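Engineer: Dropping the structure in here first, questions after.
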Amino acid sequence: MSTASGDRPRQELGRTFPILPQSRSRDLDSVIVSADELTHRSSRPPDHAAENQALAALAREMAASPNRILQKLAETALALCRAQSAGISLLDDTGKTFYWPAIAGQWACHVGAGTPRDFGPCGTVLDHNAPLVFSHPQRLFTYLEDVKPYLEEGLLVPFYADGQAVGTIWIVIHDKTRRFDAEDMRIMTGLADFAAAAYQAFLAATKVRGSERRLRDIINALPAAVYATDTEGRVTMFNEAAATFAGRSPQLGTDTWCVTWKLFWPDGTPMPHDQCPMATAVKERRPIRGMEGIVERPDGTRLRFIPYPTPLYDEAGAMVGAVNMAVDITDLKLAQETVARHRDEQAALYAFTDRLFRASTLQDVYAAALKAIRQALGCERAAVLLFDETGTMRFVAWVGLSEDYRRAVEGHSPWTREVKDPQPICIADVAASDLPDALKATVEAEGIAATAFIPLVVEGGLAGKFMAYYGAPHAFGQAEIDLATTIARQLGFSIQRIRSEDERRRTEHASRLLASIVETSDDAIVSKDLNGIVTSWNKGAERIFGYTPEEMIGKPIVALIPPDLRDEEPRFLERIRRGESIDHYETVRRRKDGSLIDVSLTISPVKDGTGKVAGASKIVHDISERKQAQVRHDMLTAEVQHRTKNLFAVVHAVVGRSFAGKQSVEDAKAAVLGRLDALAETHTMLMDKDWQGADLADVVRTEMSPYAGRVTIEGPSLILKANAAQNFVLAVHELATNAAKYGALSNSTGRVDISWSRSHANGSGVLIFRWQERGGPPVVPPTRKGFGSAVLEHVMAEYFDQPPRIEFEAAGVTYELIGPLDDLTTDRGQAS
Amino acid sequence: MRVPNGVLAGRSILIVEDEPLIALDIHAAFSAAGASIVAALDSREALRLTALPDLSAAVVDIGLGAEDCCRVCKRLSDNGVPFVFYTGEARTEVLRQWPNAPVLTKLAGTKRVVEVVAGVLR
């Protein structure tokens, strides 16, 4: 940079003095007042007292405030020389410019301005290495014309530091009231020594200020908030970061202890400024470490920070205040909390997975899910809902929901069942959402301000949802949604697993039950393939047919079919192949021992997994008993019907014939009733033996029981056929009635002997029946032949080859029957 | 329908009935109607009696046994003798063979039997 070049703005404080090319128009000497001329000027007498006083003051000032020394020096020069302006010029660091750090008098406003080194009064003085007086120097240094008031005369004295000229001290007159003289020169030369010393002090102070400035720059450059206070806590300095940190401009002198708006402890409780760590550091005169705090800015934003308050001391060791650095750890804390939350989420997920693994019922699964949802998503309430059989979304598990709420929202589903890939739906603020008003009211009434719907997919299809409910609006982050989706997936798998297990258990249980039923069944339950080969054989089959499973499994089932029925099997298989069943088909089968058995068959086709008929299952029910019972029942029914009809006919005959004769109605009535009673007794006996017959011994004894003590009865047990029994009772009734009316039972001494026996004659059985009266009144043969006679003679005669022998001997009536047993009985017993 | 005495006067009726008391009763009823009676109480006797030349009609009890009964009925039918079944049991295999023969159960009563026989002979 040369002086001849164009405009050159100074970087320092102050104005610019551009050097114009035409400045070199005048000669240097023309502006300098020569030393000769100076000495010829009248000079005022020296005022040593004033001078000493001024110098003493200067000396004091230098000791007390080195940073003001230059100004004092200028003021002293002004005063002692009675100038109108005075000042100091110093060379700047570049050495190319003088600047004016201190000016007193009328030019005081120009402090900070300067002149070029190599073209100006100060530079000339340094070049000449001697004090000089300039008169109207602006004639040469034209830029000085801008400096007002007008420079009439200037006296400049150089001063030195470390042998180097570093600047000038000068006084200026602005008008013609006086001119500088030798005395001024003398004073100024003396002051130049002071100036040198002052300069050293100034330099030192500048260095300090420079250092201070550098320090200030460093502190300002720090990203951490830094501020300092005095011992009373008043803030004395702060850096830019501190203002950003506080969110406000700290007020020096009024802010105490802290530059911030509001402070809080980490737990959120308010921290009064005079209790903050900085205050403690100052009051207790020690550094405070290890504390954390929260700062709240005026705009409401908050930061977490760690303060590092440290007391400051001067060289004497006295505390002058403290400095505090506040490190913003908000991001760090956020990261820590995120990590912690991740860890918690992982823990929650792990705990959830573990519980799911151990769950054995759907209720276990739901409980685990509700816990995980609340833990992982930080909601107080949650619920799990599934579609029921009708396709309605129903609550299956919940925490913290009222019955009213559940009833009101049950059934509501944000997705249809067919939707392929349902996505979670988050409502961060229920009040602001576009839910229907009625639903919104219900939700808000339950105290729910935010909610999320997370779909549950089971076996590829939407099966339901789980819900997270928050009491305050909640912004859902992607991480949360991902977590919820993970939980939903796990839940879906678990529901699937439990359902499969339940299904499997039910199937197993059903299988076991079925197997048990088959094994314990009395019926034969047999399965065969389509070729008629036995594939299973239960206990019932073993019992009925006599074959063990080992003997029958793998063998053809035709072994059980009697030869004449062998065509049944192909017919059955034909129908089975078509998918038809055979229901309660009655037929005959053959046991292992060859015996035949009446059975009822029920055969059903058995299908394999693809629905094709693979074989048949057969239930063989032993119906022999039933058949026998049926036969017996039929026989019995037929017999009853027969007997009933017969009985009516017999009674008709008895009544009709009893009244046929000529006896009185009274007698006839008595006879009829007696005969009916006898028939009734026999009827009872016949019923007891299922109509197969009645024992002759019973018939006789019962009929003769009114006459017990006067009758002997001897004869073996003999089962008479029904008809024969009826007629025998009527015959015995007649005999007894006659004996009671006219014969042996009509007086007090008569007796009756009844006996019968069976014997063999000509290879067949014969019955001999004998009724013998004795001791009765004289016998008179009856004249009339009524029904009784008809019975005794004709009816009974039908059962015997020859008619009964009836003797009316004087001793008593004899009635004897001899005849083949065949007509009377089916009993082929031994002869008695 | 009251049968006046002697409605079967001059008629000869064969009664085939194995229960003597009932045979007695039927006998009495037909006698009261003026008929003469022959009675068989077993199938052997019945077959023999079917050969009688002047039989007007027969009352047959199926209780003899299906085979025997059929044989008796066949004989009667061959001889042109109308008959009436009077029975306590319904043996359809027998009844089916003679669908034109009236059937009376033993609950009908002997009076009814006489009426029916009289009707047949009119």
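Engineer: For segment B:40-56: of the residues being open to solvent by less than 70 Å² (accessible area, probe 1.4 Å) and within 14 Å of chain A (Cβ to nearest Cβ), which is farthest from A:Tyr799 (Cα to Cα)?
Structural biologist: It comes out as B:Ala46.
Engineer: Here's another thing I want to ask about it. So the check is Cβ under 6 Å with 6+ separation or different chains; which pairs have a first residue in segment A:653-678 that's more than 14 Å from chain B (Cβ to nearest Cβ) and a second one that's part of a helix (DSSP H, G or I)?
Structural biologist: A:Ala668/A:Ser658; A:Ala671/A:Ser658
Engineer: Which residue out of A:Ser757, A:Ser748 is over 29 Å from A:Phe659 (Cβ atoms), away from chain B (no Cβ under 14 Å) and in a strand (DSSP E or B)?
Structural biologist: A:Ser757
Engineer: Restricting the search to segment A:617-633, which residues are open to solvent by less than 80 Å² (accessible area, probe 1.4 Å) and part of a helix (DSSP H, G or I)?
Structural biologist: Result: A:Ser624, A:Lys627, A:Ala629.
Engineer: Testing A:Asn723 on (1) open to solvent by 10 Å² or more (accessible area, probe 1.4 Å); (2) under 23 Å from B:Leu21 (Cα atoms); (3) more than 14 Å from every other protein chain (Cβ to nearest Cβ), one condition comes back false. Which one is that?
Structural biologist: All conditions pass for A:Asn723, except number (3).
Listed here are the residues, each with its yes/no results for (1) among the small types (Gly, Ala, Ser); (2) without any contact (Cβ under 8 Å) to a residue 60 or more places away in the chain; (3) farther than 23 Å from A:Ala668 by Cα.
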residue	(1), (2), (3)
A:Gly743	yes, no, no
A:Ser748	yes, yes, yes
A:Trp771	no, yes, yes
A:Arg774	no, yes, yes
A:Pro782	no, yes, no
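Engineer: So, one more: On the basis of being over 60 Å from the mean Cα position of the chain (by Cα), closer than 19 Å to B:Pro20 by Cα, of a type outside the set (Phe, Trp, Tyr) and more than 14 Å from every other protein chain (Cβ to nearest Cβ), does A:Gly693 make the cut?
Structural biologist: Yes.
Engineer: On to the next question. Does any residue of segment A:649-672 turn out to be acidic (Asp, Glu), under 18 Å from A:Ala790 (Cβ atoms) and either open to solvent by less than 50 Å² (accessible area, probe 1.4 Å) or modelled with pLDDT of 80 or more (or both)?
Structural biologist: Yes, segment A:649-672 contains at least one residue that is acidic (Asp, Glu), under 18 Å from A:Ala790 (Cβ atoms) and either open to solvent by less than 50 Å² (accessible area, probe 1.4 Å) or modelled with pLDDT of 80 or more (or both).
Engineer: What is the one condition in (1) small (Gly, Ala, Ser); (2) buried (at least 21 other Cβ atoms within 10 Å of the Cβ); (3) within 14 Å of chain B (Cβ to nearest Cβ) that A:Ser789 does not satisfy?
Structural biologist: Checking A:Ser789 against (1) small (Gly, Ala, Ser); (2) buried (at least 21 other Cβ atoms within 10 Å of the Cβ); (3) within 14 Å of chain B (Cβ to nearest Cβ), the one that fails is (2).
Engineer: Can you pull out the residues in segment B:11-37 that are away from chain A (no Cβ under 14 Å) and either part of a strand (DSSP E or B) or in contact with a Ser or Thr (Cβ under 8 Å, 6 or more places away or on another chain) (or both)?
Structural biologist: Once the filter is applied, which keeps residues that are away from chain A (no Cβ under 14 Å) and either part of a strand (DSSP E or B) or in contact with a Ser or Thr (Cβ under 8 Å, 6 or more places away or on another chain) (or both), segment B:11-37 yields B:Arg11, B:Ser12, B:Ile13, B:Leu14, B:Ala35, B:Ser36.
Engineer: I need the strands (runs of 3 or more DSSP E) fully contained in segment A:311-400, keeping only those with at least 1 residues that are farther than 27 Å from A:Ala450 by Cβ. Before the answer, list the steps.
Structural biologist: Values: elements: A:319-328, A:381-387, A:393-399.
Of the strands (runs of 3 or more DSSP E) lying wholly inside segment A:311-400, those with at least 1 residues that are farther than 27 Å from A:Ala450 by Cβ span A:319-328.
Engineer: Hey, another quick one. Being on the phi > 0 side of the Ramachandran plot and either open to solvent by less than 30 Å² (accessible area, probe 1.4 Å) or hydroxyl-bearing (Ser, Thr, Tyr) (or both) is the filter here, so list the residues in segment A:225-256 that pass it. First the steps, then the outcome.
Structural biologist: Taking segment A:225-256 first, the residues on the phi > 0 side of the Ramachandran plot are A:233, A:247, A:253.
Listed by number, the list holds a single entry, A:Gly233.
Engineer: Please pick out the residue among B:Val116, B:Val84, B:Val94, B:Val59 that is closer than 14 Å to B:Ile13 by Cβ and part of a helix (DSSP H, G or I).
Structural biologist: B:Val116
Engineer: Another one. Consider segment A:205-224. How many of its residues are without any contact (Cβ under 8 Å) to a residue 60 or more places away in the chain, of a type in the set (Gly, Ala, Ser) and surrounded by 14 or more Cβ atoms within 10 Å (Cβ to Cβ)?
Structural biologist: Total meeting the criteria: 0.
Engineer: Quick one: what pairs do we get from segment A:798-817, first residue within 14 Å of chain B (Cβ to nearest Cβ) and closer than 11 Å to A:Arg770 by Cβ, second among the basic types (Lys, Arg) and part of a strand (DSSP E or B), C-beta under 8 Å, 6+ apart or different chains?
Structural biologist: Sorted first by the residue in segment A:798-817, then by its partner, the pairs are A:Leu817/A:Arg770; A:Leu817/A:Arg805.
Engineer: Still on this model: Would you point out the residue of segment B:97-113, among those that are in a loop (DSSP other than H, G, I, E, B) and either in contact (Cβ under 8 Å) with a residue 60 or more places away in the chain or under 29 Å from A:Gly656 (Cα atoms) (or both), that is farthest from the other protein chains (Cβ to nearest Cβ)?
Structural biologist: It comes out as B:Ala101.
Engineer: Moving on. With the condition being surrounded by 19 or more Cβ atoms within 10 Å (Cβ to Cβ), I'd like the helices (runs of 4 or more DSSP H) fully within segment A:20-130 carrying at least 3 qualifying residues.
Structural biologist: A:48-64, A:69-80, A:121-128
Engineer: In the list A:Phe202, A:Phe194, which residue meets the criterion of being of a type in the set (Phe, Trp, Tyr), surrounded by fewer than 24 Cβ atoms within 10 Å (Cβ to Cβ) and touching a residue at least 24 places away in the same chain (Cβ under 8 Å)? Don't jump to the end; show me each part of the working.
Structural biologist: Details: A:Phe202 fails: surrounded by fewer than 24 Cβ atoms within 10 Å (Cβ to Cβ).
None of the other options fit; the residue is A:Phe194.
The values are calculated or read from the model by the stated rules, or taken from the named source; none is laboratory data. Nothing here was measured: the structure is a model prediction, and the numbers come from that model. Reconstructed Cβ throughout: ideal geometry from the backbone, glycine too, with neighbour counts over all protein chains shown. For accessibility, only protein heavy atoms count, side chains too; no ligands or nucleic acids. Shrake-Rupley method; radii C 1.70, N 1.55, O 1.52, S 1.80 Å.
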